[in-house]
Every structure is written in structure tokens, then in C-alpha cells.
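First the structure, in the form of C-alpha cells, and then the observations on it.
The values are calculated or read from the model by the stated rules, or taken from the named source; none is laboratory data. In this text, all values refer to a predicted model and were calculated from it rather than measured experimentally. Counting neighbours? That spans all protein chains shown, and the Cβs are built from the backbone with ideal geometry, glycine included.
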Amino acid sequence: MLDRINKAQKLIDAACEALGRQINIMEVCGTHTVSIFRNGIRSILPGSLKLLSGPGCPVCVTDQGYIDTILELADRRDCIIATYGDMIRVPGKGWSLETKRAKADVRIVLSSEDALQLARDNPGKTVVFIAVGFETTAPATAVVAEEAAAESIGNFCILSGHKLVVPAMRALLAGKNNKIDAFLCPGHVSVIIGYGAFGEIVEDFGRPCVVAGFEAVQIIEGLAEIFRQLSSGRAELKSMYPAVVTEKGNAAAQRVIDECFEPADGYWRGLGQIEKSTLKLKDEYARFDAFKRFDITEAPAEEERGCRCGQVLCGLIEPPECALFGQTCTPQDPVGPCMVSSEGACAAWFKYGREPRRKP
Amino acid sequence: MEADRAVVDAMGNRWKAKTTLLPEAKLGDLVLVHAGFAISLVDEEEARKTWQLLAEISEFEQTPNKVSG
């Protein structure tokens, strides 16, 4: 394995030197962010290569307005909030699901199926499933929406915060301040949508898009492939994760998403409103739509005072540049979602520290 | 396996996963599971390479080669 790492590292070093400028590569996947830090990958890369953690952590990209909505729903005596664990510590208006737990009924689930089971087991209450995540988790939500419809489970509904990765990448590149040279594309999102889905980024914006797995060697080889392209002035689409990623993705998962959801304009933390970037339940599933059931209008809300998660998510700043980082905002007492989620950039920086970098 | 669910085994830990998104899964297949759902078959040859890497890393970590001081 070491020879593979050495080979990739040499290629990156040589290409970085030949390019003679700072190169910014964005990973758009929280699991990549964590793996990069945990494996100390930054410490063996040249100083002129900057790895930016993009909008790839599902909890982090969720707009504050959505968080505030969940917290309002938690106050209802007739509801059970069913959520993936990452969400419960995200703060809003001085509260989080965790601190509301003393009075509110909040349950952590490991899958959408568990949330639907809660509804079957608690017919006297309405279970609101907090459905966040990208294309990887959206099909799991769609499956239970279909099951709930088939079984006519009336006390189950979904607060869809599902998001689509490619529109967010397009929005980032359309921003004038973006410094992104290439993308390390998410592995598991690609399992669902297929690596071919990133072709439009390559074609429309001329940025290399390389899908990589999550082991250290796979990430370094993914970076080496990006440098191979950058140094010869090419921008191509490539998957380096053939064990599970195909060009077209998982057809069954795509079909079930299409059956239940339709793309809609929606809000992202840091990125604002992006056209057709979120998944809303179709009219046929309106009775399971928590926004409709509780007559909630989606509106963006301000971030917590001083929190710069939005800029972190766009790759405009690194977490230590935020004045709250490590001071008033820590994993024990987080201010913004990037410090809450185990996949968040701030949490990774805090846990693994500022690694010594090699000289540029 | 039964209907749309299966028991999956990850290095000795076993739990139930839904196979709705991977209808082609058969008993004995290697699968990738995300949030309780099998979402992809895993190429055995590629998976074997990854496991070999993990074993190498674990072996490396267990050798007394750490710099102390």
C-alpha cells in the first residue's frame, strides 16, 4: 500500500510544483472530510495544495429555518420527532432537540424504516420524520413514504430537507469568489446517481470531477488523478471507486426518488436559495408532507450570531478563521452545525487540530 | 433473506437491512448498506483489496515502530 501512496504523493508534488500556484480542491462529502483528517492526509500534501471542505455534510447544509421548524414541531404534545442522531444537538433560538428532550418526545432512528415503525407503534401520536441528507438517504425516505401510503398509515409524516449535490456544486462555481480548481466527488452519492451525473460540471465549468472511495489511499489516488488532469490542462470525469460506483448509478433508487419526490427550489446554509436543489414530496404524497400537514411555510433564518458555518461550507474560509472556533464554539457546546456533526468541517478541525503542513 | 429484508454481517456484527433499493441482491452477496438500506452490490475483488489494505494498516499500527519521547 505504501508504494501506491508514495507514487501518488510524488505525482502530486511534481504537478503542484509545475503548476506553480495555489491549487484548491473541494471535497463534497462529509465522510471524505473526516477520512482526510483522521488519516493525516493534509500533513503529507504540499503546502500549495488546499483541500476545501464543501457542502457535503447533510446536517451542516441544512438551513437554520428548517432547524427552527423542527424545534417548533418538537413543542407539540401530539408529535413524536424521529431523527437521525446527528441532528439532535444542532442549536436554534437557544434550544436544540437534545435540550428540548425533557419535555418533547424526540427519538433517534438509524433508518427511515425505524421512523415508520414508531408510527405503527404509537397510533395516538403523529410521527414527524426529520428527513435530511443527499441522494444517498433520499431513496430510503421515499421507500417508507410508499409503504406508509400502501398501509394508509395516517399518523406518519415527513419533513423533507433532502438535497441534491450537483445543483449545489453548480451554485458554488457560479459564485464570483469561488477558488475551486477541481472536485473530489462524493462516493456514496455517486452509488445512487452514478458518476455520470457530474459530467455537466466538467462540461459546463471545465473542472475535473473525480469520484473516490474513503480509504486514505483511495483519496490520495483520487487527488493524484486530479493533478494528472490539471497539469495537462484537462478536465475529465473519472470514477476511482469501481467497487460500488457505476456510470448510471442505482436505477431502483432513482426510480423511487422520482416516484415520491420532485426537485424544488430550496434554501441551503451558506449558499442561500438554489434552483431545483431540494426534494419535495409530490402531490400524490401530500398527506405525508409535514410542511403541508402543519401548514409551515419554508423561510430562511439567520445563522446564530457570529457563526460562519455558511462561509466554511462554501470553502471561503477555514474553520479556525471563525472567531467563535474553539472559543465559544466547541463540540461540547456547539454554536453552528459544522461543529455539531461528526462529519462537519469545524468538528474535524477541532478534533484533529491544525496539522503541521509541509513548506509550500 | 425474506421479502424485502435481509440479515447483513459486517465483520461479525449482524443486523437487518432493507433490500428494496437492491432487488437483485441474492443470499451471500456483498452489499454496501447506508442508513439501513442496501444500496449497492460490492465488487468482491475490489472489496478484497480494501480489506487487505485495512489489514496492512492494522498490522503496521501494531508493530513497535512508533517514535516515542
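The set of residues in the range A:98-145 being farther than 19 Å from A:SER190 by Cα, outside any helix (DSSP H, G or I) and β-branched (Val, Ile, Thr) consists of A:VAL106, A:ILE108, A:VAL109, A:THR126, A:VAL127, A:VAL128, A:ILE130.
Count of the range A:144-158 residues, restricted to those that are in contact with a Phe, Trp or Tyr (Cβ under 8 Å, 6 or more places away or on another chain) and surrounded by fewer than 24 Cβ atoms within 10 Å (Cβ to Cβ), is 1. Among the residues of the range A:222-243, none qualifies, meaning not one is within 14 Å of another protein chain (Cβ to nearest Cβ), of a type outside the set (Ser, Thr, Tyr) and in contact (Cβ under 8 Å) with a residue 60 or more places away in the chain. Screening A:LYS176 against (1) among the charged types (D, E, K, R); (2) crowded, with 19+ Cβ neighbours inside 10 Å; (3) without any contact (Cβ under 8 Å) to a residue 60 or more places away in the chain leaves a single unmet condition, (2). Screening the range A:224-288 for strands (runs of 3 or more DSSP E) wholly inside it with 3 or more residues that are among the aliphatic types (A, V, I, L, M) and within 30 Å of A:GLY336 (Cβ to Cβ) returns the ranges A:272-281.
Applying the condition of being more than 11 Å from chain B (Cβ to nearest Cβ) and under 20 Å from A:ASP295 (Cα atoms) to the range A:105-131 and asking which residue is farthest from the chain's Cα centre (by Cα) yields A:LYS125. The residues listed here are B:GLY28, B:GLY12, B:GLY36, B:GLY69; of these, the one that is at pLDDT 90 or above and more than 10 Å from chain A (Cβ to nearest Cβ) is B:GLY28.
Conditions (1) of a type outside the set (Asp, Glu); (2) modelled with pLDDT of 95 or more; (3) closer than 19 Å to A:ASN155 by Cβ; (4) surrounded by fewer than 15 Cβ atoms within 10 Å (Cβ to Cβ), marked per residue:
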position: A:GLY94; (1), (2), (3), (4): yes, no, no, yes
position: A:LYS103; (1), (2), (3), (4): yes, no, no, yes
position: A:VAL109; (1), (2), (3), (4): yes, yes, yes, no
position: A:GLU113; (1), (2), (3), (4): no, yes, yes, no
position: A:ALA119; (1), (2), (3), (4): yes, yes, yes, no
position: A:THR126; (1), (2), (3), (4): yes, yes, yes, no
position: A:ILE130; (1), (2), (3), (4): yes, yes, yes, no
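For the range B:45-64, the condition of being free of Cβ contacts under 8 Å to residues at least 40 places away in the same chain, in a strand (DSSP E or B) and within 8 Å of another protein chain (Cβ to nearest Cβ) holds for none of the residues.
For the range A:309-355, give me every one of the helices (runs of 4 or more DSSP H) that falls completely inside it and has 3 or more residues that are in contact with a strand residue (DSSP E or B) (Cβ under 7 Å, 6 or more places away or on another chain) and closer than 18 Å to A:SER35 by Cα.
Correct list: empty, since no element meets the threshold.
Cβ-Cβ contacts under 6 Å between residues 6 or more apart (or on different chains), taken from a first residue in the range A:134-154 that is more than 10 Å from chain B (Cβ to nearest Cβ) to a second residue that is among the charged types (D, E, K, R), are listed as A:PHE134/A:LYS163.
For the range A:116-153, give me the residue count where each residue is at positive phi and in contact with a helix residue (DSSP H, G or I) (Cβ under 9 Å, 6 or more places away or on another chain). Give the steps one after another, and end with the answer.
Here is the first cut: in the range A:116-153, the ones at positive phi are A:133, A:152.
If we keep only those that are in contact with a helix residue (DSSP H, G or I) (Cβ under 9 Å, 6 or more places away or on another chain) as well, we get A:133.
Residues flagged as at positive phi and in contact with a helix residue (DSSP H, G or I) (Cβ under 9 Å, 6 or more places away or on another chain) within the range A:116-153 amount to 1.
Of the residues making up the range A:165-205, just one is of a type in the set (S, T, N, Q) and either within 14 Å of another protein chain (Cβ to nearest Cβ) or assigned to a helix (DSSP H, G or I) (or both), namely A:SER190.
In this structure, is A:SER43 within 14 Å of another protein chain (Cβ to nearest Cβ) and under 27 Å from A:CYS185 (Cβ atoms)? Judged against the criteria, A:SER43 is not a match. When the range A:39-74 is filtered for residues that are touching a helix residue (DSSP H, G or I) at 6+ places or on another chain (Cβ under 6 Å) and of a type in the set (S, T, N, Q), the ones remaining, listed by number, are A:ASN39, A:SER48, A:SER53.
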